[in-house]
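Here's the structure we're looking at; comments come further down.
Each value in this text was obtained by applying a stated rule to the coordinates, not by laboratory testing. As the structure is a computational prediction, the values presented were derived from the model and not from experiment. Using ideal geometry, Cβ is built from the backbone for each residue, glycine included, and neighbour counts are taken over all protein chains shown.
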Amino acid sequence: MADKTMTVEAVIGRLESGMTLGIGGWGSRRKPMALVRALLRSPVTGLTVVSYGGPDVGLLAAAGRIRKLVTPFTTLDSIPLEPHFRAARESGAFELTEVDEAMFMWGLHAAANRLPFLPVRAGIGSDVMRVNPSLKTVTSPYEDGETFVAMPALRLDAAFVHLNRADRLGNGQYLGPDPYFDDLFCEAADAAYVSCERIVETAELTKEAAPQTLLVKRHSVTGVIETPNGAHFTSCAPDYGRDEPFQKLYATTPYAEFAERFLAGDEAAYQSAVEAWHEEQK
């Protein structure tokens, strides 16, 4: 079986402008931020981003890398609305497809199963249909004759997810309270890249937690990248919580100023700059 370990730079080198990129995690929780920061250091742009949005969307929006966003929300959790997303949306910087959370999930399910759409009840009777006039409905062919939203598949050219542990073969494990649909992102993508806090031997994956925590299976993974603290400043429970003071700094600092101090160098430079900032606050 193949060793799928990669560097962050090698992953980004496989991306192209105009791709559809799925980003796992949820809001400001277990986001693959090291990969997002590496993407910001590249020339890749014009992306269609598919995400339960958090600072991943905010950073890419502030940097002008998004052509279209597909999302049910974009939040920092403890800060309800991601400020850079809000600014970009208010200025009309990108096209937005906003759907119900369940519709989004079934769009990933459809893509994972290589179906063109799946019928869902979510969205019926809401403004989702009004704000997304391209959405269609379908009628059940059975006696019930019920009408459903035909949620189109959210097919991805590439996906980024971040997990607590992974092995070199591509098996990924979450140790926190929620899987955040990261397995669906991987299965919906032509190429899926799993960053993790630590790469371990396969046997160790079931020593630390129950087998059902093995969320991502190697058959759906293209590359594995070890990125300690790679979800910062989002949470990656139980390894670490959200860095709330730093998130507040991010949310209240103009992007250009934030980027100059924290995003000008590589990932090691970012982590050092964050540590230095925390020292200044003491």
Practice task
Tell me which label goes with the value of Cα extents along the principal axes in Å computed from the coordinates here: (i) 65, 48, 32; (ii) 46, 45, 40; (iii) 53, 47, 44.
Solution key: (i)
Problem - Residue-by-residue Karplus 3J(HN,Hα) for the range 177-183, coefficients 6.51, -1.76, 1.60, Hz, glycine and proline x - result: x, 8, x, 6, 6, 4, 5
Practice task
Provide the gained length on full extension for the span residue 207 to residue 115, in nm with one decimal, where the gain is 0.36 nm per separating residue minus the Cα-Cα distance.
Solution key: 29.5 nm
Practice task
Sort out for me the Cα centre separation of the range 115-174 from the range 2-35, rounded to whole Å.
Solution key: 21
Fill in the blank from the handout: Output row, site residue 3, 7 Å Cα→C-beta label point, backbone N cut-off 18 Å, window the range 198-215, residues 198-204
Exercise for the section: Mind checking which of 117, 22, 203 is farthest towards the positive end of the chain's charge dipole, using Cβ charges of +1 (Lys, Arg) and -1 (Asp, Glu) about the Cα centre? Expected result: 117
Exercise for the section: Write out the GluC sites (Glu not before Pro) in the range 134-194 meeting two conditions: DSSP loop, and at most 13 other Cβ atoms within 10 Å of their Cβ. Expected result: 143, 146
Exercise for the section: Between beta-carbons, use under 10 Å as the cut-off and find the net charge around residue 49, counting Lys and Arg +1, Asp and Glu -1. Expected result: +2
Fill in the blank from the handout: Dividing the helical contributions, -39500 (n - 2.57) per DSSP H run of n ≥ 4, by the residues of the chain yields a 222 nm value, nearest 500 deg cm²/dmol, of -8500 deg cm²/dmol
Problem - Cut-off under 5 Å, modelled amide H: who pairs with residue 159 long-range - result: 22, 191, 192, 193
Fill in the blank from the handout: Measuring from its Cα centre, the chain shows a charge dipole (+1 at each Lys and Arg Cβ, -1 at each Asp and Glu Cβ) which, in debye to the nearest 20, is 420
Exercise for the section: Can you pull the one-decimal nm distance between simple spin-label points at residue 101 and residue 219, each 7 Å off the Cα toward Cβ? Expected result: 3.0
Problem - Residue among 164, 229, 113 with the largest mean-square fluctuation in a Gaussian network model of the chain, springs linking Cα atoms under 10 Å - result: 113
Completion exercise
A correct Karplus calculation of ³J(HN,Hα) over the range 31-42, with 6.51 cos²θ - 1.76 cosθ + 1.60, θ = phi - 60°, whole Hz and x for Gly and Pro, returns 8, x, 5, 4, 5, 5, 5, 5, 4, 5, 7, 9
Handout entry: Entries of 31/282; 4/282; 136/248 with Cα pairs more than 30 Å apart
Key = 4/282; 136/248
Practice task
Quick one: which residues, 5 or more positions from residue 73 or on another chain, have an amide H under 5 Å from its amide H? H modelled 1.01 Å from N in the peptide plane, none for Pro or chain starts.
Solution key: 53
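About the Cα centre of the range 132-238, how large is the charge dipole given +1 on each Lys and Arg Cβ and -1 on each Asp and Glu Cβ? Please answer in debye to the nearest 20.
With Lys and Arg at +1 and Asp and Glu at -1, about 260 debye.
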Fill in the blank from the handout: For residue 96, the residues 5 or more places away or on another chain with a placed amide H closer than 5 Å to its own amide H are 69
Practice task
Check each of the trypsin sites (Lys or Arg not before Pro) in the range 134-217 and keep only those in coil by DSSP with at most 14 other C-beta atoms within 10 angstrom; list them in order.
Solution key: 217
Exercise for the section: Given the options 126, 28, 134, state which has the largest fluctuation in a GNM of the chain using a 10 Å cut-off (strictly under) for Cα springs. Expected result: 134
Handout entry: Share antiparallel - DSSP beta bridges, the chain, percent rounded to 5
Key = 30
Problem - Integer Hz, Karplus 6.51/-1.76/1.60 couplings in order for the range 69-82, x for Gly and Pro - result: 10, 10, 7, x, 5, 9, 9, 9, 6, 6, 10, x, 10, 4
Completion exercise
Out of 159, 111, 264, a Gaussian network model of the chain with alpha-carbon springs under 10 Å gives the largest mean-square fluctuation to 264
